[in-house]
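Each value in this text was obtained by applying a stated rule to the coordinates, not by laboratory testing. Since the structure is predicted, the reported quantities are computational estimates derived from the model, not experimental observations. Cβ atoms come from the backbone with ideal geometry, glycine included; neighbour counts cover every protein chain shown.
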4 protein chains.
Amino acid sequence: MSDLRIAVLGVGMMGADHIARIGSKIAGARVSVVNDYVTEKAEQLAATIPGCRAISDPLDAIADPDVDAVILATPGTTHEKQLLACLEHGKPVMCEKPLTTDVATSLEVVKREAELGKRLIQVGFMRRFDVEYAALKALLDDGDLGRPLVMHCAHRNPTVPPHFDSSMIVKDSLVHEVDVTRFLFDEEITSVQMVRPAANPAAPEGLQDPQIAIFHTATGKHVDVEVFVTTGVAYEVRTEVVAELGSAMIGLDVGLLRKSAPGHWGGQITPSFKERFGQAYDTEIQRWVDAVRAGTNVDGPGAWDGYAAAAVCAAGVESLETGQPVTVEMVSRDSIKGA
Amino acid sequence: MSDLRIAVLGVGMMGADHIARIGSKIAGARVSVVNDYVTEKAEQLAATIPGCRAISDPLDAIADPDVDAVILATPGTTHEKQLLACLEHGKPVMCEKPLTTDVATSLEVVKREAELGKRLIQVGFMRRFDVEYAALKALLDDGDLGRPLVMHCAHRNPTVPPHFDSSMIVKDSLVHEVDVTRFLFDEEITSVQMVRPAANPAAPEGLQDPQIAIFHTATGKHVDVEVFVTTGVAYEVRTEVVAELGSAMIGLDVGLLRKSAPGHWGGQITPSFKERFGQAYDTEIQRWVDAVRAGTNVDGPGAWDGYAAAAVCAAGVESLETGQPVTVEMVSRDSIKGA
Amino acid sequence: MSDLRIAVLGVGMMGADHIARIGSKIAGARVSVVNDYVTEKAEQLAATIPGCRAISDPLDAIADPDVDAVILATPGTTHEKQLLACLEHGKPVMCEKPLTTDVATSLEVVKREAELGKRLIQVGFMRRFDVEYAALKALLDDGDLGRPLVMHCAHRNPTVPPHFDSSMIVKDSLVHEVDVTRFLFDEEITSVQMVRPAANPAAPEGLQDPQIAIFHTATGKHVDVEVFVTTGVAYEVRTEVVAELGSAMIGLDVGLLRKSAPGHWGGQITPSFKERFGQAYDTEIQRWVDAVRAGTNVDGPGAWDGYAAAAVCAAGVESLETGQPVTVEMVSRDSIKGA
Amino acid sequence: MSDLRIAVLGVGMMGADHIARIGSKIAGARVSVVNDYVTEKAEQLAATIPGCRAISDPLDAIADPDVDAVILATPGTTHEKQLLACLEHGKPVMCEKPLTTDVATSLEVVKREAELGKRLIQVGFMRRFDVEYAALKALLDDGDLGRPLVMHCAHRNPTVPPHFDSSMIVKDSLVHEVDVTRFLFDEEITSVQMVRPAANPAAPEGLQDPQIAIFHTATGKHVDVEVFVTTGVAYEVRTEVVAELGSAMIGLDVGLLRKSAPGHWGGQITPSFKERFGQAYDTEIQRWVDAVRAGTNVDGPGAWDGYAAAAVCAAGVESLETGQPVTVEMVSRDSIKGA
């Protein structure tokens, strides 16, 4: 099968990040078209990507026959028009949040896709793909903790851009916990209360930060979220679900921590090397592929390392017989020109 | 640039794993040839991979013009011949451990590659690519802990295959710590002592398990390794480096833990969402690409989820004004056929 | 100085616990009088304590010349009368919570003590003496985290007695977080909101559990508390303070965890054996004192253990010269009758 | 029963520490006699302890009729003579390590006590009383982990006094792991090997530091110990036991961590407030007793704190009815002179 040809609209931080990702880590896809309202930026970027063109009009980019699918990393205000164009051309689209900038147009987009009778739009709530959130969701779905009752979240940024205002904390930051709540609980949020504590003295004048959100869900579950975007310390996203038979927390830098009967707190044991070193194998092969394509061929341990390991293991096997120290016999690396 | 065409020799567990990896996660590469001494197995596998053929002779596979690079996942006894063939054809090769099965032939391979004057062989010590080992190496290279003095390792498997014997614990298990020692310390191991404690009663008759290895390095550093392959519990690989100015441990299921002056133990703070959710973005895009190529288009949150988030955030922004609970206004999902 | 003579009023669970504590762990005090509304219970207990009498009237117990100070572990409804009697006789009193059962009588007690011009009443909010809360308070007072902004608390019990009702969750459980808030923030709470999520199905009919309390303090700080008393799992008390320059959490079974610039999360390093083994020394000496008083003289390692350690260390010192294994020379324990 | 009267011989760091401990934390004992080879030091100390005398000759101190039991904190070279005197007078003795300074005299002491037919000597291996070591011992004795197979220990000091030499690392530091091994495994150590890695450059000239000890026990168990006394970082004592059915580690600043089937790592859940806050209750009562004896009466929350808690809880109970914020009604503290 040939690679999926993707148009990336918007080449700011998120768009550029997606372009780099597709080029370096994603199997089966390539960026065929880029677009940005700053045309030169798109053109410069296109020049660095094999087989990629810049197209100056976003709707033309969507319509282009050289485009199978679209990533929208454009400003939210342009999403409605661009999403409707994707629907019109029947092109799958991965849309960075928000879907659109208000409720009415979001609903309109939902309706138009529904009328098509086929799903084309995915929204970029990436936390659903985080291994810790996925593990928490799996734990809840397994039912081992019973039904969830309460959830506590913290969402902390060290800093935000100068133009960030109080409502952006809701729409750009808290929105992730909105999706997390709906994802983990599989039900809608029915009311929201924003508590406004005394502001952090270090927050910009006029910014209500921290904020505490209290969600009530369809079945009466309580969720509280601390959103605090000027901590000056760390990026920290933490979620604890308290359920009928125990509780579980992610985001403490130690994986999923669980507390449940009959008497233990802790995490999951790693069953095999596949779980432990799967990432290492992926990275190893990707970096080797990159090195070979770049003509350097090796980006990791080489033949000498294989030889050294063999020499040490031979000494080890000999010591296994006697229990005594055995000297490792190796030639000097310098004695082999080029090794 | 066109994709790198890889021949995978040996389609047992490791080979099949690499083939799946290249197909699903690696950018810029595809498997063009597969080979196995069980010809039917290779043919069946080739039939499932677009643009891939089975070639029954491994040396023919290496020589094939449709092959840019080679992955060796064949039995160790065949490595010498296959590696030399790769060198002869000037083809880069990623060779699963061991390089060869004895010291003399390993050295021969080293010399032959050195004579070529260009590096072609990489060996599959994948731990160097593990994020925790990489972080530990970076910490040592940064010099914040001073020079390393001592290293303690544990390497535990819940179980091993029936044919595993005492010397395989050295050559197949301990070999990883051999490479880890050389990687982290950047020096050779000069002597090895294997201590043989009373065996685990649950180990197969005749298997010396656990084993304790004691390495002495060129500059006198001490390394001890517990290798215990019949624990019945978990896969656990742990490494602690004790250095002049502190110590650091990986493998405790909590990332790299460090203890150093002026008075703290702990881990590294996550500075931004890129470190925290980079994996999530990668997974999100890969799964979306896969869904689009498979014709299902969406594998994650859809338009409805975007709408719901918009509705909740609108209520949140309203509550931000008043501090009072605000009811979320949403249409019923059922009211939109197809949503 | 002679021992403090204490009257313990109320010998239910808390009172009996305090009596045992004074007898086994507290230097400089003894229980001279016990009282309970079940007279026989007090008499039976008094008979087991050297130099202790039962007195059937609590006010007589307070007034008794053989009493220097009083511990109140009686029902809350009797506290007012008993506290006023202690004030009248000028006797220091340690009063288990609540001070009294309503706000007006509590205020009356405050006023009467103030009129005396000397402090006599201590209230049993014991969390202030917990090492983790003390460490958190010290961290805040040190100013390293800046001023506190927000606090999150969880207070979970596996189960409660059958008669526990929704308001007791406030008055008997949440009251601890009330004191913790005032202790850590050094300011008063100015408003309280109780959020009532859907109840735990396993909670008794009619019990609102869990409950979420939201405190607002004099300077606008936000505190939320999950009180959940039928978790079925564990006793768990957790407190996180989010401050201007970082955050710190206690109650995660791992001591105080702190996250602050410049880039670390973690705990405090143990500087010396005094911090690490202070408790061990205390326990060692107390158990030895108890054994000597009981006539068994030894409750721990004996002379044989000292001999064995000497023999092993002698071998160690010898091996230190050679680096070779040295056999430990010891006589057989059986060869010494009585050892 | 009257308090145990203890003679403390040697008032250096350890002796002075024991004296303070008995005065401030130990129920049922008091120091009646102190002795030191620097007579003035003993006399000055005695003057600060009610009912205590200094006696200049250690053997007179042991023999004194005002002494029920003895603590030896004198130099090890004097222990033999003093222990034999304790045995002669039939007085229980708590002897700081070492029992004596060589194997032959240690054995002589064992024999003399055995001849008496009654145990009088306890040795100060205090780790057996540490809560973590006690928990580890209990876990092993419970049999949940099966029989132990291997043990790894680390024993790290930030620094040692200037006169510390290589053999003192064995006799004064490693000796604790000697006792820990014998305590946890209930068997003798049969051989010792000291491995001598390249020394820490920051260690004093001539000091072999770190050292690695390898113990072999009667049934063939392997124990390795890193002793490293010039780390410059922290006091760190860590012990991991690897057993047939799992492993457990203490000393990681997080309590006992255990890894065993069926699939969890973690610690023990706290079942009730008694385990969680037992220490807090002890400290609360001891500090209150001390305050009352000192005439200040209160050392902790007072009547005002009880009143404030009552006021907040009353607001909480009211909010429990409505779910709405309720203002806390309190008088101003300033309005009550003396509160």
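Compute the signed sum of charges (Lys and Arg +1, Asp and Glu -1) over the other residues within less than 12 Å, Cβ to Cβ, of B:Asp165. Neighbourhood net charge equals -2. What value, in deg cm²/dmol to 500, does the helix sum -39500 (n - 2.57) over DSSP H runs of n ≥ 4 give at 222 nm once divided by the residues of chain D? Mean residue ellipticity at 222 nm (helix-derived): -11000 deg cm²/dmol. The local environment of A:Ile212, defined by Cβ-Cβ distances under 10 Å, has a net charge of -2 under the rule Lys, Arg +1 and Asp, Glu -1.
Is the shape of region A:1-98 best called rounded, prolate or oblate, per the rule: a/c under 1.5 gives rounded, else a/b larger than b/c gives prolate, else oblate, with a ≥ b ≥ c the square roots of the Cα gyration tensor eigenvalues? It comes out rounded by the Cα gyration axes. With label points defined 7 Å past Cα in the direction of Cβ, position D:Arg147 shows copy-to-copy spacings of 4.4, 5.1, 6.5 nm, given to one decimal and shortest first.
Among rounded, prolate and oblate, which fits region D:128-266 when a ≥ b ≥ c are the square roots of the eigenvalues of its C-alpha gyration tensor, a/c under 1.5 means rounded, and a/b larger than b/c means prolate? Prolate, because a/c is 1.5 or more and a/b exceeds b/c. Our note on the geometry: Cα centres of region A:1-48 and region D:89-166, 68 Å apart. Shielding value for A:87-94 is 3, the average number of Cβ atoms from other chains within 10 Å of each residue's Cβ. Let a ≥ b ≥ c be the square roots of the eigenvalues of the Cα gyration tensor of the protein assembly as shown; is it rounded (a/c under 1.5), or, if not, prolate (a/b larger than b/c) or oblate? It comes out oblate by the Cα gyration axes. Across the identical copies, the 7 Å label point of D:Pro161, projected outward along Cα→Cβ, sits 5.5, 6.0, 6.4 nm from its counterparts, in ascending order. Pick out, from C:Thr230, C:Thr77, C:Ala104, the residue whose Cα sits farthest towards the positive end of the charge dipole of chain C, with +1 on the Cβ of Lys and Arg and -1 on the Cβ of Asp and Glu. Going by the Cα projections, it comes out as C:Ala104. Which longest uninterrupted range of chain B lacks any GluC sites (Glu not before Pro) assigned by DSSP to a loop state (not H, G, I, E or B) and surrounded by at most 16 other Cβ atoms within 10 Å? The longest such stretch corresponds to B:1-186. Pairs with C-alpha atoms separated by more than 18 Å, drawn from the list A:Lys81/A:Lys111; C:Lys97/C:Lys221; C:Lys97/C:Lys118; A:Lys91/A:Lys118; D:Lys91/D:Lys118; C:Lys81/C:Lys111, are C:Lys97/C:Lys221; C:Lys97/C:Lys118.
The residue in chain B that lies nearest, by its beta carbon, to the axis linking chain B with chain D is given here with the distance in whole angstrom as B:Asp224, 3.
Loop-located trypsin sites (Lys or Arg not before Pro) across region A:293-339 with a Cβ neighbour count of 12 or fewer within 10 Å are A:Lys337, with loop assigned by DSSP.
With a cut-off of 15 Å between beta carbons, the residues surrounding B:Asp17 carry a summed charge of +1, where Lys and Arg count +1 and Asp and Glu -1. With 29 Å as the limit on Cα-Cα distance, the pairs of B:Lys137/C:Lys274; A:Lys25/A:Lys274; B:Lys171/D:Lys137 that go past it are B:Lys137/C:Lys274; B:Lys171/D:Lys137. Between copies, D:Thr296 shows label-point distances of 3.9, 6.6, 6.9 nm, shortest first, with the point placed 7 angstrom from Cα along Cα to C-beta.
Shielding by partners for peptide A:170-178, expressed as the average number of C-beta atoms from other protein chains within 10 Å of each residue's C-beta, is 5. Peptide A:146-158 is shielded by partner chain Cβ atoms: per residue, an average of 4 of them sit within 10 Å of its Cβ.
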